[in-house]
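S.K.: Below is a structure I'd like to ask you about.
The values are calculated or read from the model by the stated rules, or taken from the named source; none is laboratory data. Note that the coordinates shown come from a computational prediction; the quantities given were computed from them, not determined experimentally. With ideal geometry, Cβ positions are generated from the backbone for all residues, glycine too; neighbour counts draw on all protein chains shown.
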Amino acid sequence: MHVSTQDLKQDHVTVRRIRDIAQRCSDRLYEGANIPLEDIDVISVVIEEFVDAFHHGKEEKAYFPSTEIKNDAYAEDVRKFKIEHEFGRRVAQMMRRHLKEWKSGVDGREPVARFLKTYAIYVTDHTGKEDRFFDMIEEMKSLSDKEDRQILEHYEMCKNDAGGSARIEELLRLIAWLEGRDWMK
């Protein structure tokens, strides 16, 4: 198994942790729990920076360009994944917009809960499909060792684009912090 593919699958483990946080936050909001709006702000930052800028950046700027040229079926899968990434971005943007309104005094509980739930559903569906795609790439031995190394070099650039190793580590700490919040229990 190539390191570049395993790296993305490992990211999916973290993305699913974010999904679980979003789902729990949504559930608790629907139950009427008081969740600090700052915590929901942190969720949106983690989605925007870890999922979208870092993880999707690695896929869109490095992995997908290396795989879509291999096979027309891969190109079609990649096209669909990019569309799904845009869907996830829009859901996150809608959640942030309603959160901003809520912070300014307009009751945004329901739309924030709805978009968090939608995001959680999206992550489950999307990462499952991508994991199957990654497995197929590995099964078909579609990447050479040289291509794997080149993709990993691109990942480093993506990490720098997302704020560098220190920022990624900080985002991982924020995920763990969210998981420890009282409303998550």
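S.K.: Which residue, of Glu110, Glu86, is out of contact with any Gly (no Cβ under 7 Å at 6 or more places or on another chain), closer than 18 Å to Ile35 by Cβ, modelled with pLDDT of 95 or more and charged (D, E, K, R)?
M.R.: After applying the criteria, what remains is Glu110.
S.K.: A follow-up question, please. I want to confirm something. Restricting to segment 95-107 and keeping residues that are aliphatic (A, V, I, L, M) and either at pLDDT below 95 or closer than 18 Å to Cys25 by Cα (or both), which single residue is surrounded by the most Cβ atoms within 10 Å (Cβ to Cβ)?
M.R.: Met95
S.K.: Moving on. Kindly list, by first and then second residue, each pair from a residue in segment 168-185 that is without any contact (Cβ under 8 Å) to a residue 60 or more places away in the chain and surrounded by 12 or more Cβ atoms within 10 Å (Cβ to Cβ) to a residue that is polar (S, T, N, Q) and assigned to a helix (DSSP H, G or I), limited to pairs with Cβ atoms under 9 Å and residues at least 6 apart or on different chains.
M.R.: Short answer, once both residue conditions are applied: none.
S.K.: Can you confirm whether Lys61 is in contact (Cβ under 8 Å) with a residue 24 or more places away in the chain, among the basic types (Lys, Arg), in contact with a Ser or Thr (Cβ under 6 Å, 6 or more places away or on another chain) and in a helix (DSSP H, G or I)?
M.R.: The answer is no for Lys61.
S.K.: Hey, any hits in segment 113-130 for a residue that's within 19 Å of Tyr30 (Cα to Cα) and in contact with a Leu (Cβ under 7 Å, 6 or more places away or on another chain)?
M.R.: Scanning segment 113-130, I find at least one residue that is within 19 Å of Tyr30 (Cα to Cα) and in contact with a Leu (Cβ under 7 Å, 6 or more places away or on another chain), so the answer is yes.
S.K.: Kindly indicate the residue of segment 68-94 that is among the aromatic types (Phe, Trp, Tyr) and crowded, with 17+ Cβ neighbours inside 10 Å and also nearest to Asp125 (Cα to Cα) among those meeting that condition.
M.R.: Here the answer is Phe81.
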